[in-house]
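The values are calculated or read from the model by the stated rules, or taken from the named source; none is laboratory data. All figures in this text were calculated on a predicted structure; none of them were measured in a lab. FYI the Cβ positions are ideal-geometry reconstructions off the backbone, even for glycines, and counts take in every protein chain you see. Just the protein is used for accessible areas: all its heavy atoms, side chains included, with ligands, DNA and RNA removed. Shrake-Rupley method; radii C 1.70, N 1.55, O 1.52, S 1.80 Å.
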Amino acid sequence: MTLALLLATGCSDPCADAGTVCTVAGTGQAGSSNTATRADEGPLYGPMDVAARGGGDDFFIGDWNNHKIRHVQDGLMETVVGTEFLGDGDPTFQERIAPGVPGTTVALNHPTQLEWNFVTNRLLLPSWHNHRVREWNPETGNSLVVCADTDVNDGNGANAGFAGDGGPAARALMAFPSSIAIDPADGSFWLLAQKNARVRKVAVDFSLIDTMAGTGEVGAGGDGGPALQAQFDFWDPADLQPEPAGAIEYADGKLYIADTSNHAIRVIDLASGTIDRLPGIPEQTMPGGACDPDALCFPRDVEAGPDGRIWIADEANHVVRVYDPATQSLEIAVGTLEAADGEEGGLGPDTALERPYGIDVTEDGTLLIADTYNHRIRRMVIP
């Protein structure tokens, strides 16, 4: 039963009770809506991420297979970036010139993760298949290319690469940027580029980009040493078209990295510049080729909660887990370890998910989940 039907029949809102899970966007069936609609009546198609702007009632969705960014506020959903067709920008390429162009004239190609910048009050969008970063301005509705602003003749994908460290972000090259984490001190941000196997820091005015973690080589080495000498595994070099992977999050002087194919959360201490694994988490051994349910299995996203706990989208185990740094313990918050479409209003550990790729945790203690293969966004007030 959907939230809309529950309310229409006089039942109480299950989202109001801490620990219960309900759908706040999407219908459970893959599809597309071209007009503003009730969020729980508007279809999505493989939503990859969710990013809160306010509490649990004001958030953005990376609608992967619809090639759109949706905004949900007070139960209503509308498209803010994206068109009916995939592509790379507006027809006249004016998106590359400030102040940009209306977001609904900008074609995207499979948007992955997104992040609201609370310092600048702008939405930052790593455009995965477009190999650039966009910024959406809620005051004008405009989208502007801010990283990898290459020549208009390069074409979609032709500009993928790695270059530009030490210079302005507009002249940088990157390959499959997938995640952003905001520095709350000044609005600058860290950018993870999946195929580059690197994390770079970008100035708030985009005047400088530089690598701060990763050698560019695929691997698992570097723990206990400088982050610049670390290896990550977001991309099998033999796979010409992998799924989006890798995510980053900032909290309390540390940068958390979902090192997807290493089945680990790596942590960079920004004061010392060193990297290590989140302690206390069992190693994933893939017994018989299947996921060990006691360990992380292809974690796709990581977020920090206001109470200091770390939340992880454990995609291949079909759960969202929470890690307590004080006890170094890992628990299932939502999901049953079985891929299914859970019922509305159930408790977190009783509500099945299917391949959750993205999550966010709001300051008011709300967990938002991109339940990707169920084509839903789910919400739980954290108990």
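Structural remarks
- Dividing the summed -39500 (n - 2.57) terms of all DSSP H runs of n ≥ 4 by the residue count of the chain sets its mean residue ellipticity at 222 nm at -500 deg cm²/dmol.
- For I382, neighbours were defined as the other residues whose beta-carbon sits under 14 Å from its Cβ, and their charges (Lys and Arg +1, Asp and Glu -1) total -4.
- Look at where the Cα atoms of segment 124-146 and of segment 279-313 average out, and the two centres are 30 Å apart.
- Annotation: per residue accessible area for the chain equals 38 Å², rounded to a whole number [probe 1.4 Å, protein chains only].
- Three-way shape call for segment 75-154 based on the alpha-carbon gyration tensor, with the a/c threshold at 1.5: rounded
- Calculated Cα extents along the principal axes in Å (choose from [x] 57, 48, 39; [y] 65, 56, 49; [z] 67, 43, 35), label: [x]
- Percent accessible area from carbon and sulfur atoms, segment 52-146, protein chains only, probe 1.4 Å: 55 percent
- Distance between the C-alpha centres of segment 237-258 and segment 177-208: 12 Å, rounded to the whole angstrom.
- Surface composition of segment 191-335: carbon plus sulfur atoms contribute 49% of the solvent-accessible area (1.4 Å probe, protein chains only, all chains present).
- Rounded to the nearest Hz, the phi-derived 3J(HN,Hα) couplings of segment 112-124 under the Karplus curve 6.51 cos²θ - 1.76 cosθ + 1.60 (θ = phi - 60°) are 9, 8, 8, 8, 7, 8, 6, 7, 9, 6, 9, 9, 9, where x marks glycine and proline.
- For segment 290-383, a crude dipole built from +1 on the beta carbon of Lys and Arg and -1 on the beta carbon of Asp and Glu, taken about the Cα centre, is about 140 debye to the nearest 20.
- The chain - charge dipole about Cα centre, Lys and Arg +1 at Cβ, Asp and Glu -1, debye rounded to 20: 740 debye
- Net charge of Cβ neighbours under 14 Å - reference G222; Lys, Arg +1; Asp, Glu -1: -3
- Gap separating the Cα centres of segment 215-230 and segment 57-90, nearest whole Å: 35 Å
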